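Novice: Mind having a look at this structure? Questions to follow.
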Amino acid sequence: MKIERVILYHLRMPLLSAFETSFGRINTRDCVLVEAFAEGLDGYGECPADRDPGYSYETVGTALHILQDFLVPAVLGQEITTAEDLQQRMAFVRGHLMAKAGLEMALWDLLGKARGISLREMLGGVRQKVDVGVSVGLQESPSRLVEVVRGYLELGYRRVKIKIKPGRDVGDAQAVRKAFPSLRLQVDANSAYTLESAASLTPLDELDLLLIEQPLAEDDLWDHHQMQAWFRTPICLDESITSLRLARQALEMKACRVINIKPGRVGGLSQGVAIHDLCQDQGIPVWCGGMLETGVGRASNLALASLPGFTLPGDISATDRYYHEDITHERFVLNPDSTIDVPSGPGLGVSIDPSALKRATLTRINLASH
Ligand code: OSB
Ligand code: MG
(Lines give C-alpha, C1' and ligand atoms only; values in the text may rest on other atoms or scores of the structure.)
(Ligands and ions follow the chains in the order given, each with its own letter.)
Protein backbone atom coordinates (compact mmCIF):
# COMPACT_ATOMS: atom_id res chain seq x y z
CA MET A 1 0.00 0.00 0.00
CA LYS A 2 1.10 3.51 -0.75
CA ILE A 3 1.65 5.71 2.32
CA GLU A 4 0.15 9.06 1.34
CA ARG A 5 0.24 11.08 4.52
CA VAL A 6 1.43 10.82 8.13
CA ILE A 7 0.43 12.80 11.20
CA LEU A 8 2.64 12.77 14.29
CA TYR A 9 1.04 13.64 17.64
CA HIS A 10 2.91 14.48 20.81
CA LEU A 11 0.58 13.20 23.52
CA ARG A 12 0.56 13.90 27.24
CA MET A 13 -1.67 11.64 29.33
CA PRO A 14 -2.30 12.32 33.03
CA LEU A 15 -1.70 9.15 35.06
CA LEU A 16 -4.27 8.19 37.71
CA SER A 17 -1.41 7.80 40.19
CA ALA A 18 2.28 8.74 40.08
CA PHE A 19 4.61 6.02 38.78
CA GLU A 20 8.06 5.85 40.38
CA THR A 21 10.99 3.70 39.26
CA SER A 22 14.72 3.71 40.02
CA PHE A 23 15.11 6.30 37.23
CA GLY A 24 12.45 8.75 38.34
CA ARG A 25 8.87 9.60 39.12
CA ILE A 26 6.18 10.71 36.64
CA ASN A 27 2.63 12.04 36.98
CA THR A 28 2.00 12.27 33.26
CA ARG A 29 2.99 9.95 30.44
CA ASP A 30 4.15 11.41 27.13
CA CYS A 31 4.44 9.47 23.88
CA VAL A 32 4.23 9.90 20.11
CA LEU A 33 1.20 8.67 18.23
CA VAL A 34 1.75 7.97 14.52
CA GLU A 35 -1.23 8.10 12.14
CA ALA A 36 -0.52 6.87 8.61
CA PHE A 37 -2.93 7.19 5.67
CA ALA A 38 -3.15 4.80 2.70
CA GLU A 39 -5.89 3.61 0.36
CA GLY A 40 -8.57 5.58 2.19
CA LEU A 41 -7.63 3.98 5.52
CA ASP A 42 -5.73 5.25 8.52
CA GLY A 43 -3.53 3.19 10.79
CA TYR A 44 -2.16 4.09 14.22
CA GLY A 45 1.11 3.31 15.91
CA GLU A 46 2.49 4.24 19.32
CA CYS A 47 6.10 5.17 19.91
CA PRO A 48 6.67 4.62 23.66
CA ALA A 49 9.56 7.07 24.10
CA ASP A 50 8.82 9.25 27.15
CA ARG A 51 9.49 12.94 27.80
CA ASP A 52 12.78 12.20 29.61
CA PRO A 53 15.65 9.82 28.65
CA GLY A 54 15.41 7.79 31.89
CA TYR A 55 14.51 4.33 30.60
CA SER A 56 16.06 4.79 27.17
CA TYR A 57 18.11 7.44 25.36
CA GLU A 58 15.10 8.04 23.15
CA THR A 59 12.65 10.77 24.10
CA VAL A 60 9.54 12.24 22.51
CA GLY A 61 11.84 14.97 21.20
CA THR A 62 14.28 12.60 19.49
CA ALA A 63 11.48 10.42 18.16
CA LEU A 64 9.66 13.37 16.60
CA HIS A 65 12.92 14.57 15.04
CA ILE A 66 13.87 11.15 13.63
CA LEU A 67 10.35 10.43 12.40
CA GLN A 68 9.79 13.85 10.86
CA ASP A 69 13.22 14.35 9.29
CA PHE A 70 14.24 10.80 8.32
CA LEU A 71 11.79 7.91 8.73
CA VAL A 72 8.56 9.41 7.40
CA PRO A 73 10.24 11.04 4.35
CA ALA A 74 11.71 7.61 3.52
CA VAL A 75 8.25 6.03 3.33
CA LEU A 76 5.94 8.78 2.04
CA GLY A 77 4.70 8.02 -1.47
CA GLN A 78 6.26 4.54 -1.33
CA GLU A 79 4.51 1.26 -1.98
CA ILE A 80 5.04 -0.81 1.20
CA THR A 81 3.48 -4.21 1.72
CA THR A 82 5.32 -5.84 4.63
CA ALA A 83 7.02 -4.93 7.90
CA GLU A 84 10.33 -6.29 6.53
CA ASP A 85 10.01 -3.97 3.55
CA LEU A 86 9.44 -1.04 5.92
CA GLN A 87 12.39 -2.06 8.11
CA GLN A 88 14.68 -2.16 5.06
CA ARG A 89 13.63 1.37 4.13
CA MET A 90 14.30 2.53 7.71
CA ALA A 91 17.63 0.69 8.06
CA PHE A 92 19.71 3.74 7.08
CA VAL A 93 18.80 5.23 10.48
CA ARG A 94 21.03 3.81 13.18
CA GLY A 95 19.21 3.02 16.42
CA HIS A 96 16.08 5.05 17.33
CA LEU A 97 14.21 1.78 17.73
CA MET A 98 11.15 3.26 19.45
CA ALA A 99 10.65 5.76 16.62
CA LYS A 100 10.84 2.90 14.10
CA ALA A 101 8.47 0.76 16.16
CA GLY A 102 5.80 3.48 16.14
CA LEU A 103 5.82 3.63 12.36
CA GLU A 104 5.86 -0.15 12.03
CA MET A 105 2.81 -0.48 14.28
CA ALA A 106 0.90 2.00 12.11
CA LEU A 107 1.74 -0.12 9.04
CA TRP A 108 0.46 -3.29 10.75
CA ASP A 109 -2.79 -1.49 11.63
CA LEU A 110 -3.17 -0.38 7.98
CA LEU A 111 -2.37 -3.85 6.61
CA GLY A 112 -4.85 -5.50 8.94
CA LYS A 113 -7.58 -3.00 8.13
CA ALA A 114 -6.98 -3.42 4.38
CA ARG A 115 -7.20 -7.23 4.65
CA GLY A 116 -9.89 -7.35 7.31
CA ILE A 117 -7.77 -9.41 9.71
CA SER A 118 -6.63 -8.77 13.26
CA LEU A 119 -3.06 -8.09 14.34
CA ARG A 120 -3.28 -11.23 16.46
CA GLU A 121 -3.95 -13.35 13.36
CA MET A 122 -1.27 -11.57 11.34
CA LEU A 123 1.37 -12.22 14.02
CA GLY A 124 0.38 -15.84 14.62
CA GLY A 125 -1.26 -15.40 18.02
CA VAL A 126 -3.00 -18.46 19.43
CA ARG A 127 -4.91 -17.09 22.44
CA GLN A 128 -8.09 -14.97 22.67
CA LYS A 129 -7.10 -13.69 26.13
CA VAL A 130 -3.72 -13.38 27.80
CA ASP A 131 -2.45 -13.67 31.37
CA VAL A 132 -1.55 -10.30 32.81
CA GLY A 133 -0.11 -8.77 35.95
CA VAL A 134 0.48 -5.33 37.37
CA SER A 135 3.69 -3.33 37.70
CA VAL A 136 3.71 -1.41 40.98
CA GLY A 137 5.97 1.63 41.32
CA LEU A 138 8.10 2.53 44.36
CA GLN A 139 5.95 3.64 47.30
CA GLU A 140 6.75 5.81 50.32
CA SER A 141 7.22 2.83 52.67
CA PRO A 142 7.09 -0.98 52.68
CA SER A 143 3.77 -0.91 54.56
CA ARG A 144 2.24 1.44 51.98
CA LEU A 145 3.57 -0.87 49.25
CA VAL A 146 1.83 -3.85 50.87
CA GLU A 147 -1.45 -1.88 50.92
CA VAL A 148 -1.11 -0.90 47.25
CA VAL A 149 -0.38 -4.51 46.30
CA ARG A 150 -3.37 -5.66 48.37
CA GLY A 151 -5.57 -3.25 46.41
CA TYR A 152 -4.48 -4.78 43.10
CA LEU A 153 -5.03 -8.32 44.40
CA GLU A 154 -8.56 -7.31 45.39
CA LEU A 155 -9.09 -6.15 41.80
CA GLY A 156 -8.09 -9.62 40.60
CA TYR A 157 -4.44 -9.33 39.53
CA ARG A 158 -2.63 -12.57 40.26
CA ARG A 159 0.92 -11.55 39.39
CA VAL A 160 2.65 -8.51 40.80
CA LYS A 161 5.91 -6.83 39.88
CA ILE A 162 7.44 -4.32 42.26
CA LYS A 163 10.05 -1.76 41.34
CA ILE A 164 13.24 -1.75 43.39
CA LYS A 165 16.26 0.51 43.77
CA PRO A 166 19.27 0.54 46.14
CA GLY A 167 17.99 0.93 49.70
CA ARG A 168 14.44 0.00 48.65
CA ASP A 169 14.88 -3.60 47.59
CA VAL A 170 15.19 -6.54 49.99
CA GLY A 171 13.03 -4.92 52.70
CA ASP A 172 10.25 -4.04 50.25
CA ALA A 173 10.25 -7.49 48.66
CA GLN A 174 10.31 -9.24 52.05
CA ALA A 175 7.34 -7.18 53.27
CA VAL A 176 5.26 -8.10 50.21
CA ARG A 177 6.28 -11.77 50.40
CA LYS A 178 5.41 -11.93 54.11
CA ALA A 179 1.97 -10.43 53.50
CA PHE A 180 1.25 -12.63 50.47
CA PRO A 181 3.13 -15.95 50.81
CA SER A 182 1.84 -17.55 47.59
CA LEU A 183 1.71 -14.49 45.31
CA ARG A 184 3.43 -14.71 41.92
CA LEU A 185 5.94 -11.92 42.62
CA GLN A 186 8.82 -10.42 40.65
CA VAL A 187 11.06 -7.35 40.95
CA ASP A 188 12.41 -4.82 38.42
CA ALA A 189 15.51 -2.68 39.12
CA ASN A 190 15.72 -0.82 35.80
CA SER A 191 19.54 -1.04 35.79
CA ALA A 192 20.03 0.53 39.23
CA TYR A 193 22.87 -1.82 40.38
CA THR A 194 26.42 -2.78 39.55
CA LEU A 195 27.81 -6.28 39.98
CA GLU A 196 29.33 -5.04 43.26
CA SER A 197 26.20 -3.38 44.68
CA ALA A 198 24.03 -6.30 43.53
CA ALA A 199 25.66 -8.44 46.24
CA SER A 200 23.18 -6.78 48.63
CA LEU A 201 20.34 -8.41 46.66
CA THR A 202 21.37 -11.95 47.70
CA PRO A 203 18.45 -12.31 50.22
CA LEU A 204 16.02 -11.93 47.28
CA ASP A 205 17.02 -15.45 46.32
CA GLU A 206 15.10 -16.77 49.35
CA LEU A 207 11.80 -15.10 48.40
CA ASP A 208 10.67 -17.48 45.65
CA LEU A 209 10.47 -14.68 43.05
CA LEU A 210 9.46 -15.45 39.46
CA LEU A 211 12.41 -13.38 38.26
CA ILE A 212 14.70 -10.40 38.88
CA GLU A 213 14.38 -7.95 35.99
CA GLN A 214 17.31 -5.90 34.63
CA PRO A 215 19.43 -5.44 37.76
CA LEU A 216 22.52 -4.13 35.91
CA ALA A 217 23.34 -1.72 33.09
CA GLU A 218 21.76 -2.17 29.71
CA ASP A 219 25.12 -2.65 27.96
CA ASP A 220 26.34 -5.16 30.52
CA LEU A 221 25.49 -8.68 29.38
CA TRP A 222 28.64 -10.12 30.87
CA ASP A 223 28.04 -9.01 34.45
CA HIS A 224 24.45 -10.24 34.17
CA HIS A 225 26.01 -13.60 33.31
CA GLN A 226 28.18 -13.39 36.44
CA MET A 227 25.21 -12.46 38.58
CA GLN A 228 22.97 -15.19 37.11
CA ALA A 229 25.64 -17.72 38.05
CA TRP A 230 25.25 -16.87 41.74
CA PHE A 231 21.42 -16.50 41.83
CA ARG A 232 18.95 -19.38 41.68
CA THR A 233 16.19 -16.92 40.76
CA PRO A 234 16.04 -16.35 36.99
CA ILE A 235 17.41 -13.03 35.79
CA CYS A 236 15.19 -11.44 33.14
CA LEU A 237 16.56 -8.84 30.74
CA ASP A 238 14.52 -5.84 29.58
CA GLU A 239 16.67 -2.79 28.63
CA SER A 240 19.60 -4.98 27.47
CA ILE A 241 17.66 -6.76 24.73
CA THR A 242 17.33 -4.34 21.82
CA SER A 243 17.75 -6.81 18.93
CA LEU A 244 17.45 -10.44 17.91
CA ARG A 245 21.25 -10.64 17.88
CA LEU A 246 21.57 -9.40 21.47
CA ALA A 247 18.85 -11.83 22.54
CA ARG A 248 20.79 -14.70 20.98
CA GLN A 249 24.06 -13.56 22.54
CA ALA A 250 22.48 -13.08 25.98
CA LEU A 251 21.16 -16.65 25.86
CA GLU A 252 24.46 -18.07 24.55
CA MET A 253 26.23 -16.24 27.36
CA LYS A 254 23.68 -17.35 29.98
CA ALA A 255 23.20 -13.71 30.97
CA CYS A 256 19.50 -14.40 31.70
CA ARG A 257 16.92 -17.20 31.81
CA VAL A 258 13.89 -15.11 30.82
CA ILE A 259 13.37 -12.26 28.34
CA ASN A 260 10.93 -9.35 28.55
CA ILE A 261 9.83 -8.42 25.03
CA LYS A 262 8.69 -4.85 24.38
CA PRO A 263 8.07 -4.16 20.69
CA GLY A 264 9.05 -0.51 21.12
CA ARG A 265 12.43 -1.33 22.67
CA VAL A 266 13.37 -3.78 19.89
CA GLY A 267 12.33 -1.61 16.93
CA GLY A 268 8.92 -3.03 16.21
CA LEU A 269 6.53 -5.95 16.38
CA SER A 270 8.44 -7.88 13.69
CA GLN A 271 11.61 -7.95 15.84
CA GLY A 272 9.48 -8.83 18.85
CA VAL A 273 8.09 -11.85 17.01
CA ALA A 274 11.61 -12.85 15.90
CA ILE A 275 12.88 -12.77 19.50
CA HIS A 276 9.83 -14.75 20.60
CA ASP A 277 10.60 -17.38 17.94
CA LEU A 278 14.24 -17.66 19.01
CA CYS A 279 13.28 -18.05 22.67
CA GLN A 280 10.57 -20.58 21.85
CA ASP A 281 13.12 -22.71 19.96
CA GLN A 282 15.41 -22.64 22.98
CA GLY A 283 12.72 -23.21 25.61
CA ILE A 284 13.25 -19.75 27.14
CA PRO A 285 10.07 -18.20 28.60
CA VAL A 286 9.17 -14.70 27.42
CA TRP A 287 6.59 -12.17 28.54
CA CYS A 288 5.33 -8.90 27.16
CA GLY A 289 6.58 -5.82 28.97
CA GLY A 290 4.68 -2.55 29.15
CA MET A 291 5.47 1.15 28.86
CA LEU A 292 2.27 2.65 30.31
CA GLU A 293 0.83 2.61 26.79
CA THR A 294 -2.36 4.22 25.57
CA GLY A 295 -5.10 1.96 24.20
CA VAL A 296 -3.20 1.85 20.89
CA GLY A 297 0.00 0.35 22.30
CA ARG A 298 -1.97 -1.80 24.73
CA ALA A 299 -3.92 -3.39 21.84
CA SER A 300 -0.62 -4.14 20.12
CA ASN A 301 0.91 -5.65 23.28
CA LEU A 302 -2.12 -7.89 23.77
CA ALA A 303 -1.84 -9.20 20.20
CA LEU A 304 1.87 -9.92 20.63
CA ALA A 305 1.34 -11.59 24.01
CA SER A 306 -1.11 -14.03 22.38
CA LEU A 307 1.79 -15.84 20.67
CA PRO A 308 2.45 -19.31 22.13
CA GLY A 309 5.85 -18.61 23.71
CA PHE A 310 4.51 -15.85 25.97
CA THR A 311 4.15 -18.21 28.92
CA LEU A 312 4.58 -15.67 31.74
CA PRO A 313 2.00 -12.94 32.52
CA GLY A 314 2.60 -9.61 30.79
CA ASP A 315 2.87 -6.09 32.23
CA ILE A 316 -0.42 -5.30 30.52
CA SER A 317 -2.95 -4.02 33.02
CA ALA A 318 -6.48 -2.72 32.62
CA THR A 319 -6.96 0.81 31.29
CA ASP A 320 -8.16 2.02 34.69
CA ARG A 321 -4.83 1.06 36.30
CA TYR A 322 -3.33 3.92 34.25
CA TYR A 323 -5.75 6.46 32.83
CA HIS A 324 -9.02 8.14 33.63
CA GLU A 325 -9.45 8.94 29.95
CA ASP A 326 -7.79 7.02 27.11
CA ILE A 327 -7.53 7.99 23.43
CA THR A 328 -9.32 4.83 22.27
CA HIS A 329 -13.05 4.23 22.59
CA GLU A 330 -12.18 0.75 23.86
CA ARG A 331 -11.14 0.41 27.49
CA PHE A 332 -9.38 -2.81 28.48
CA VAL A 333 -10.77 -4.58 31.52
CA LEU A 334 -9.40 -7.32 33.75
CA ASN A 335 -11.25 -10.62 33.62
CA PRO A 336 -11.75 -12.49 36.93
CA ASP A 337 -9.02 -14.98 35.93
CA SER A 338 -6.37 -12.20 35.69
CA THR A 339 -6.50 -12.10 31.89
CA ILE A 340 -7.36 -9.41 29.35
CA ASP A 341 -9.11 -10.14 26.05
CA VAL A 342 -7.09 -9.72 22.86
CA PRO A 343 -8.84 -7.39 20.38
CA SER A 344 -10.28 -9.28 17.41
CA GLY A 345 -11.24 -6.48 15.00
CA PRO A 346 -9.17 -5.65 11.89
CA GLY A 347 -5.65 -4.35 12.55
CA LEU A 348 -5.15 -3.25 16.15
CA GLY A 349 -8.89 -3.61 16.66
CA VAL A 350 -9.29 -0.25 18.38
CA SER A 351 -10.80 3.06 17.28
CA ILE A 352 -9.64 6.53 18.24
CA ASP A 353 -11.87 8.88 20.23
CA PRO A 354 -11.21 12.18 18.39
CA SER A 355 -12.12 14.46 21.26
CA ALA A 356 -10.02 12.49 23.77
CA LEU A 357 -7.14 12.55 21.28
CA LYS A 358 -7.50 16.30 20.96
CA ARG A 359 -7.38 16.76 24.74
CA ALA A 360 -4.20 14.65 24.97
CA THR A 361 -2.41 16.34 22.05
CA LEU A 362 0.29 18.94 22.76
CA THR A 363 1.51 19.27 19.16
CA ARG A 364 0.55 17.79 15.82
CA ILE A 365 2.79 17.54 12.76
CA ASN A 366 1.26 16.94 9.33
CA LEU A 367 3.52 15.30 6.73
CA ALA A 368 2.49 14.63 3.13
CA SER A 369 4.30 13.67 -0.06
CA HIS A 370 4.61 17.01 -1.92
O1 OSB B 1 10.87 -1.32 33.07
O2 OSB B 1 9.15 -2.42 32.63
C3 OSB B 1 9.68 -1.34 32.79
C4 OSB B 1 7.10 1.48 32.54
C5 OSB B 1 7.81 2.42 31.84
C6 OSB B 1 9.11 2.15 31.49
C7 OSB B 1 9.70 0.94 31.85
C8 OSB B 1 8.98 -0.03 32.54
C9 OSB B 1 7.66 0.26 32.92
C10 OSB B 1 6.82 -0.63 33.70
C11 OSB B 1 5.32 -0.45 33.59
O12 OSB B 1 7.25 -1.45 34.48
C13 OSB B 1 4.63 -1.56 32.89
C14 OSB B 1 3.22 -1.19 32.50
O15 OSB B 1 2.99 -0.66 31.40
O16 OSB B 1 2.32 -1.44 33.30
MG1 MG C 1 11.53 -3.37 33.06
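Novice: So if R0 is 51 Å, what FRET efficiency would R150 and D277 give, r being the distance between their Cβ atoms, rounded to the nearest 0.05?
Specialist: Computed FRET efficiency for R150 and D277: 0.85.
Novice: Still on this structure, please answer the following. Can you tell me how much longer the chain between R51 and K2 gets when fully stretched, taken as 0.36 nm per residue apart minus their C-alpha distance, in nm with one decimal? Numbers along the way, then the final one.
Specialist: On the way: separation 49, 0.36 × 49 = 17.64 nm, distance 3.12 nm.
My answer for the length gained is 14.5 nm.
Novice: Need one number for the chain: average projected area of the convex hull over its C-alpha atoms, nm².
Specialist: Numbers: hull surface 65.7 nm².
Averaged projected hull area, Cα only: 16.4 nm².
Novice: Still on this model: Given 4 °C and 1.567 mPa s, compute D for the range 235-361 with the Stokes-Einstein relation, Rh being the Kirkwood radius over Cα pairs; round to the nearest whole µm²/s.
Specialist: D = 85 µm²/s.
Novice: May I ask which of K178/K262; K129/K262; K163/K262 have a Cα-Cα span longer than 29 Å here?
Specialist: On the way: K178/K262 31 Å; K129/K262 18 Å; K163/K262 17 Å.
Those over the limit are K178/K262.
Novice: I'd like the orientation of helix 269-282 relative to the chain: the angle between its Cα long axis and the longest Cα principal axis, in ° from 0 to 90, rounded to 10.
Specialist: So the helix axis and the longest Cα principal axis differ by about 40 degrees.
Novice: Also: Run the accessible area of the range 121-341 with a 1.4 Å probe and give the carbon-and-sulfur part as a rounded percent. It would help to have the intermediate numbers written out before the result.
Specialist: Numbers: 4130 of 8130 Å².
In the range 121-341, the share of accessible area belonging to carbon and sulfur is 51 percent.
Novice: Nearest 5 is fine: what % of DSSP beta bridges in the range 71-210 come out antiparallel, could you say? All intermediate terms of the calculation are to be shown ahead of the outcome.
Specialist: Details: 1 of 9 bridges.
Around 10 percent antiparallel, to the nearest 5.
Novice: Which of rounded, prolate or oblate describes the range 117-222 when judged by the alpha-carbon gyration tensor and an a/c cut-off of 1.5? Walk me through the numbers before you get to the answer.
Specialist: Details: a/c = 2.38, a/b = 1.30, b/c = 1.82.
Oblate shape, in that a/c is at least 1.5 and b/c is the bigger or equal ratio.
Novice: Per residue, how much accessible area does the range 121-341 have with a 1.4 Å probe, in Å²? Write down the numbers at each step before the final one.
Specialist: Working: 8130 Å² over 221 residues.
Result: 37 Å² of accessible area for each residue.
Novice: Find the relative contact order for the range 90-222 and round it to a whole percent, using C-alpha pairs within less than 8 Å whose residues are 6+ positions apart. Kindly include the intermediate steps, with their values, before the conclusion.
Specialist: Working: 137 pairs, mean separation 23.8, N = 133.
About 18 percent, as a whole number.
Novice: Now for a separate question. When the convex hull of the C-alpha atoms of the range 1-107 is computed, what volume per residue in Å³ does it have?
Specialist: On the way: hull volume 9.9 nm³, N = 107.
Each residue corresponds to 93 Å³ of Cα convex hull volume.
Novice: Using Cα pairs under 8 angstrom and six or more residues apart, how large is the relative contact order of the range 121-341, in percent?
Specialist: Working: 413 pairs, mean separation 48.9, N = 221.
It comes to 22 percent, rounded to a whole number.
Novice: Could the peptides 147-153, 241-247 be put in order, highest first, of the mean number of other beta-carbon atoms found within 10 Å of their residues? Spell out each step's value before the answer.
Specialist: Details: 147-153: 15.9, 241-247: 19.7.
Going by the mean number of other Cβ atoms within 10 Å, highest first, we get 241-247, 147-153.
Novice: A follow-up question, please. Which three extents, in whole angstrom, do the alpha-carbon atoms of the range 41-97 cover along their principal axes, largest first?
Specialist: Rounded to whole Å, the extents work out to 36, 26, 19 Å.
Novice: Determine, from the Cβ-Cβ distance of W222 and D320 and an R0 of 41 Å, the FRET efficiency 1/(1 + (r/R0)^6), rounded to the nearest 0.05.
Specialist: Working: r = 41 Å, r/R0 = 1.01.
It comes to 0.50.
Novice: Calculate what fraction, in whole %, of the accessible area of the range 19-91 sits on carbon and sulfur atoms when a 1.4 Å probe is rolled over the protein chains. Let's see the in-between values first.
Specialist: Details: 1480 of 2950 Å².
Its accessible area is 50 percent carbon and sulfur atoms.
Novice: How big is the antiparallel share of DSSP beta bridges in the chain, given as a percent to the nearest 5? If you can, show how the numbers build up before the last one.
Specialist: Working: 34 of 55 bridges.
Percent antiparallel among DSSP bridges in the chain is about 60.
Novice: Sticking with this one: Can you give the Rg to Rh ratio of the range 121-341, both from alpha-carbon atoms, with Rh computed by the Kirkwood formula?
Specialist: On the way: Rg = 16.7 Å, Rh = 17.6 Å.
Result for the range 121-341 is an Rg/Rh of 0.95.
The values are calculated or read from the model by the stated rules, or taken from the named source; none is laboratory data. On a predicted model such as this, the values are computed, not experimentally measured, just so you know. Counting neighbours? That spans all protein chains shown, and the Cβs are built from the backbone with ideal geometry, glycine included. Surface accessibility is based on the protein's heavy atoms, side chains included, excluding ligands, DNA and RNA. Shrake-Rupley method; radii C 1.70, N 1.55, O 1.52, S 1.80 Å.
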